[in-house]
Structures are given as structure tokens and as C-alpha cells.
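Colleague: Once you've had a glance at the structure underneath, I'll fire off some questions.
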Amino acid sequence: MRVRASSGRPLLAAVAALVLAAPAQSQALEARTRAFFEAVRADSRERVLEFFPRAGDWSWVRTLRMDSGPTVLRVSTWRFPAAETLRAIGRGGPFCNSIDQGSGHSGPFEESFGMQVRMHDEKDWPRVRGNRFVPPGESGRSPIFVEWRREGGAWVISSIGDQTVSAAVAPRPPRPGMIQRSTRPVPNEMYATETEWFGSYHPIVFEEDRYIKYGLPREIDLALLSRIGHRDRVPVYVEKGYEAAPPIIYVLTGPSTFQPYEGRRSPPCQ
């Protein structure tokens, strides 16, 4: 009896199909990552929830380091079942601050996962280590990351890396970008549009409260405002009568033109 060798064509066709499908899956994952970041920037817990698993667990890897340098004090891994995700990311949940705009972190705002997402709103995070994405300019060892896995034909979050600093380890010097109280002009004053920070989503800090840019610059009669200080030689004002705890502050962007910043005294995580 003669035995005919089976053709290798079906196997080759299957391999070719997998090769062709790989770029499409990669593009889908990158698009999924961008959509997740958009939900984080929108401060929408409902939209953020859509990217987490419906079954199984996901992890939060939290790196704690010294405020005065890169020394890592502790790396903790928290695991959450899918049924506990809403509680974890919602008000009072342990992960809420990580996707908020920095509230609750003892160190600089830009240390948190949420602020890294906001700081790089115009750049895609590079993909490293398979399905892991890290902030632009960081290596695969970055403590801040988002990692994905497949679940029911969709990409869901497998793990998120976050970082914060310990204020108790060493005294923290004044943070760059804090508003210095002063009713007097300072030498070589400038407009906010001449600075690097104005074009970013960084909060500005006034007496431990954070303020987030909203809307567009507008013309305001200077007689309606009171000067409270300056940030990096940029004059800062508030409406008269609100010098103590202003709900809105205004930075000077041009002659009689000001950019409003809204106070976040009651962030969603508290």
C-alpha cells in the first residue's frame, strides 16, 4: 500500500493568516489604549470601567519612592476581582487617586499614573514587553504602565503601574510651579503664553489647593480683579473678595487677557 505525503499548504495558510492578523491586532490594541486614556482625561469613572475585565482579576502595582531621589522604598501589588473594580476606582476606593488628577498623592502631581496620562495627551505611549505601554521617553522598567490581556475577544486591562512618593521620608521643598503670594510686581514679569507650562495640563498650586485650566483666555477688566501673587514671574489674580480661598484664579496671558483655572477643592476621590 502506498502512502501519499500530506500537503503542507493548510499549515502554511494558517501561519500566513496569523502573520497578517498580527498588525491588525496591534493597531487595535494601540487604539484601545488611546481610548482608555481619553476616558481617564475625561474624569469619567463609567467610561474608565469599560476597559477593565468582566471576569478574572487585574492588578495595581504601586511603587513608593523617596521624595528626595530615585530610591525605591516599596513595591506593592494589589489584586482586584472584576466584581470589585467599580469600588476600587470609585470615590474612596484605593485606586481612585491613581486615575484622578493627582489629588491624594503626597508628592508631585506628575508622579501619578493619571497625571502621566494627562501630561502626554498629544503623544502615544510606546509599546514594550508585549502588551505593556509606558509613558513617552520611559523604558520597559518604568514603574508607570498599563498592560492588557485578551478577554472574550476584547482587550482588557491586566495590570496598571503607578508611582507615588513619601513625604514622611524627607522634607519636601516647595514644588516648582506653586503660586507665590505677593501683591507687588516682580522683576521681568511675563505672560503665561511665554512659558512652557502654560500649554500643558499640569495643575497649578495655590496654598495646597490645585487648579486646573478650563476654557479659553478671556478679556477681564483689571478693576474687577485682585492680584494674589505670581507663578514663575507670571502675575496671578482672583476676583475681588475671593483673596482667601478663590474658586477660580486667573493667570495673565496678554494685555487685559486672562486664562481661568478652576479649583478642585473637592476631588472625586475624597
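Colleague: Could you tell me what fraction of 2.2 N^0.38 Å the Cα radius of gyration of the range 187-254 comes to, as a two-decimal ratio? Spell out each step's value before the answer.
Modeller: Details: Rg = 11.5 Å, N = 68, 2.2 N^0.38 = 10.9 Å.
The value comes to 1.05.
Colleague: Turning to a different aspect of this structure: Top to bottom by accessible area (1.4 Å), largest first, where do Trp197, Trp148 land? Write out the running numbers ahead of the final one.
Modeller: Working: Trp197 35, Trp148 5 Å².
Greatest to least solvent exposure: Trp197, Trp148.
Colleague: What is the distance, in nm, between label points placed 7 Å from the Cα along the Cα-to-Cβ direction at Ser226 and at Ser182?
Modeller: Output for this residue pair reads 1.9 nm.
Colleague: May I pose another question? Please list 3J(HN,Hα) in residue order for the range 40-52, calculated via the Karplus relation 6.51 cos²θ - 1.76 cosθ + 1.60 where θ = phi - 60°; whole Hz, with x for glycine and proline.
Modeller: Using θ = phi - 60°, the values come out as 5, 5, 7, 6, 10, 5, 5, 5, 4, 4, 5, 9, 9 Hz.
Colleague: How long is the gain from Arg218 to Gln27 if the chain were fully straight, where each residue apart is worth 0.36 nm and the alpha carbon distance is subtracted?
Modeller: On the way: separation 191, 0.36 × 191 = 68.76 nm, distance 4.01 nm.
Working it through step by step, the gained length comes to 64.8 nm.
Colleague: Rounded to the nearest 0.05, what FRET efficiency do Thr257 and Ser44 have when you use their Cβ-Cβ distance and R0 = 41 Å? Present the calculation step by step, with values, prior to reporting the outcome.
Modeller: On the way: r = 31 Å, r/R0 = 0.76.
With R0 = 41 Å, the Cβ-Cβ based efficiency is 0.85.
Colleague: Still on this structure: Considering Cα pairs under 8 angstrom that are at least six residues apart, work out the relative contact order of the range 201-240 and quote it in whole percent.
Modeller: On the way: 32 pairs, mean separation 10.0, N = 40.
In percent, rounded to a whole number, it is 25.
Colleague: Hey, another quick one. Could you state how much accessible area Phe145 has, in square angstrom rounded to the nearest 10, with a 1.4 Å probe and all protein chains kept in place?
Modeller: Taking all protein chains as shown, Phe145 has close to 10 Å².
Colleague: Check which residues have an amide H placed less than 5 Å from Glu151's amide H, if you skip close sequence neighbours.
Modeller: For Glu151, whose amide H was placed from the backbone, the distant partners under 5 Å are Val156.
Colleague: Round to the nearest 0.05 the FRET efficiency obtained for Glu122 and Glu243 when R0 = 30 Å and r is the Cβ-Cβ distance.
Modeller: Numbers: r = 35 Å, r/R0 = 1.18.
About 0.25, to the nearest 0.05.
Colleague: Residue-wise, which Karplus ³J(HN,Hα) couplings in Hz belong to the range 88-96, taking 6.51 cos²θ - 1.76 cosθ + 1.60, θ = phi - 60°, and x for glycine or proline?
Modeller: Whole-Hz 3J(HN,Hα) from phi for the range 88-96: 5, 9, x, 3, x, x, x, 9, 4.
Colleague: Pop the C-beta distance of Arg141 and Arg233 into the FRET formula with R0 = 51 Å and round what comes out to the nearest 0.05.
Modeller: Working: r = 37 Å, r/R0 = 0.73.
In this case the efficiency is close to 0.85.
The values are calculated or read from the model by the stated rules, or taken from the named source; none is laboratory data. Being a predicted model, the structure only gives us computed values, none of them experimental. No Cβ is skipped: glycine too gets one built from the backbone with ideal geometry, and neighbour counts run over all protein chains shown. With ligands, DNA and RNA removed, areas are computed over all heavy atoms of the protein, side chains included. Shrake-Rupley method; radii C 1.70, N 1.55, O 1.52, S 1.80 Å.
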